[in-house]
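The values are calculated or read from the model by the stated rules, or taken from the named source; none is laboratory data. Keep in mind the model is a prediction, meaning the values are calculated, not measured. Reconstructed Cβ throughout: ideal geometry from the backbone, glycine too, with neighbour counts over all protein chains shown. Surface accessibility is based on the protein's heavy atoms, side chains included, excluding ligands, DNA and RNA. Shrake-Rupley method; radii C 1.70, N 1.55, O 1.52, S 1.80 Å.
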Amino acid sequence: AKGLYDPIIATAAYPSPPWAIFRQLKPGGRMIAPVGNPPDEQTLMLYLKTPEGEMKEVKLLPVAFSMMPK
């Protein structure tokens with residue numbers, strides 16, 4: 001189901017920023033997601049959607065999560 005959400009919390013890691021999910025955030029929304037593909041480092045990221053629809057990324061801390069199933 002598609003919708004506009006605020007906030008979104010991902011519980012499995014993505015190999016790169018999850019753009020498809022980011023598009024489901026409403027303006028002013030925020031998403032937390034682990035990003036990185038083992039054996040590379042993973043980082044817990046905070047994504048903020050501006051009122052104009054732009055994305056701002058904030059690196060929070062290193063993490064180790066299971067990967068999102070394909």
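General observations
- Neighbour-limited loop hits for GluC sites (Glu not before Pro), the chain (at most 16 other Cβ within 10 Å; DSSP other than H, G, I, E, B): GLU41, GLU52, GLU54
- Rounded accessible area per residue of the chain, 1.4 Å, Å²: 68 Å²
- Relative to the Cα centre, the charge distribution of the chain, modelled as +1 at Lys and Arg Cβ and -1 at Asp and Glu Cβ, gives a dipole magnitude of about 240 debye.
- With the charge dipole of the chain set up from +1 on Lys and Arg Cβ and -1 on Asp and Glu Cβ about the Cα centre, the Cα lying farthest toward the positive end among the listed residues ALA33, LEU44, ALA64 is that of ALA33.
- Extension gain, ARG30 to GLU52: 0.36 nm times the residue separation minus the Cα-Cα distance gives 6.6 nm.
- Rg/Rh for the chain, where both radii come from Cα atoms and Rh is the Kirkwood radius: 0.97
- Pairwise FRET efficiency - LYS59 versus LEU4, Cβ, R0 = 25 Å, nearest 0.05: 0.50
- Short-range pairs are left out: with C-alpha atoms under 8 Å and at least six residues apart, the relative contact order of the chain is 30 percent.
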